[in-house]
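We did not get these values from a lab; they are worked out from the coordinates using the rules stated. From a predicted model like this one, the values you see are computed outputs, not experimental measurements. Counting neighbours? That spans all protein chains shown, and the Cβs are built from the backbone with ideal geometry, glycine included.
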Amino acid sequence: MIIKEIDVKSVMTKSNLPVSDFSVNPYVGCTPIFPGITDVKAIIEAMKDRCNLIWLENLNLRGDYKVRILEWVHEHHPDLDELYHHIYSKSDRTYWSKLDAELREYAATEGFPYVRDDDSKRSDFGELPIIANYFYHEEVKKSAKKEK
């Protein structure tokens, strides 16, 4: 797990935010999600009372840092080499599709609103945050380019 322990005492809750004269919409960015390493559900559970939106974004490897990240994964999590090869060398989206389905089911079971590629809404204070999945942002970027 990337985040081994979250010090929840140091995080403001929605109920103790100074919101008397202005609107505050706190959100949590769970990004990047490292396949097989990041415990997304644990992060959601730890932060659900502290925000109006939880943004999920997959690890994107491109440019100069791709090799460095893959070397780090190999060094620290060699059991994940094959998974990372499929995702980042063969462009296999299976892991992200399965994680999306798993988190969608979890959200439905636990009562979280769950959306894909949409962060335009926030939950009201006192309600569970909206979970926004951005695992497919490459598709959003491509469609946005086509519209121009």
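Structure above, values below:
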quantity	calculated
Likely footprinting exposure, LYS41, LYS48, fewest C-beta neighbours within 10 Å first	LYS41, LYS48
Spin-label model distance (nm) - GLU57 vs ASP117, 7 Å beyond Cα toward Cβ	1.6
Taking HIS76, HIS86 and counting other C-beta atoms within 10 Å, the order from fewest to most	HIS76, HIS86
